[in-house]
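The values are calculated or read from the model by the stated rules, or taken from the named source; none is laboratory data. Everything numeric in this text was worked out from a predicted model, so none of it was measured. Ideal geometry is used to build each Cβ from the backbone, glycine not excepted, and the neighbour counts take in all protein chains shown. Ligands, DNA and RNA are stripped out before the accessible areas are found, and what is left, the full protein with its side chains, is counted by its heavy atoms. Shrake-Rupley method; radii C 1.70, N 1.55, O 1.52, S 1.80 Å.
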Amino acid sequence: MWLSNDLFRSVVASTPLVSIDLVVRNAQGECLLGQRLNRPAKGNWFVPGGRILKNETLDTAFNRLTLEELGRAYQRDDARLLGVYEHFYADSVFGDTEQAPNTHYVVLGYQLILPEGEALPLPHAQHGAYRWWPLSEIQTHELVHANTRAYLAALR
């Protein structure tokens, strides 16, 4: 269920959003990151993911989000739960002014490992560019968002 902008603004201002983040790894152990086009974390490199919708099961959300974010649908059973995370942002999709609400997410982080040679038809609605990153670069690169770095401990 998608909300009107006014209602969604009220939700963002009043409650945490629940989402799924996809820590996608290739056969070489690199992680897929996309450079975000929108707020929050605009311009930063971040794992793909998105919000869970009202009355959407986790399995349905995972299937929808992998299709929307990776260009191919996967089942939640294909992935491993890394843990539950909290992401706090000073801005939101509504901007970064004092009048705009901040954003709080409760995130279910899942690791999805792609088989050797599997390519993804990556969409560009949320990310302007994609890149496979070695874990060591994720840890040190200034444009990789701290909330993405938080997943690294669960990968070791």
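Some observations on this one:
- Some residue of the stretch 42-57 being modelled with pLDDT of 95 or more, over 20 Å from Q126 (Cα atoms), among the basic types (K, R) and surrounded by fewer than 19 Cβ atoms within 10 Å (Cβ to Cβ): no
- For the stretch 71-98, taking the residues that are among the aliphatic types (A, V, I, L, M) and part of a loop (DSSP other than H, G, I, E, B), the one that is nearest to V24 (Cα to Cα) is identified as A79.
- Listed conditions (1) part of a helix (DSSP H, G or I); (2) open to solvent by less than 20 Å² (accessible area, probe 1.4 Å); (3) closer than 23 Å to P16 by Cβ are all met by E68, apart from (2).
- Taking the stretch 22-60 as the range and being more than 24 Å from D91 (Cα to Cα) and not in a strand (DSSP E or B) as the test, the residues that pass are N26, A27, Q28, G29, E30, N55, E56, T57, L58, D59, T60.
- Evaluation of V84 against (1) buried (at least 17 other Cβ atoms within 10 Å of the Cβ); (2) modelled with pLDDT of 95 or more; (3) of a type outside the set (F, W, Y) (one fails), failing number: (1)
- Residue ID - farthest from P101 (Cα to Cα), chosen from residues in the stretch 1-41 that are of a type in the set (S, T, N, Q) and open to solvent by less than 30 Å² (accessible area, probe 1.4 Å): N26
- Within the stretch 1-59, the residues that satisfy the criterion of being aromatic (F, W, Y) and under 11 Å from the mean Cα position of the chain (by Cα) are W45, F46.
- Taken over the stretch 1-21, the criterion of being among the polar types (S, T, N, Q) and not in a helix (DSSP H, G or I) is satisfied by S4, T15, S19.
- One residue from N26, N63 being under 18 Å from A154 (Cα atoms) and either at pLDDT 95 or above or not hydroxyl-bearing (S, T, Y) (or both): N26
- Residue within the stretch 50-59 that is out of contact with any Cys (no Cβ under 6 Å at 6 or more places or on another chain), closer than 21 Å to S14 by Cβ and of a type in the set (A, V, I, L, M, F, W, C) present: yes
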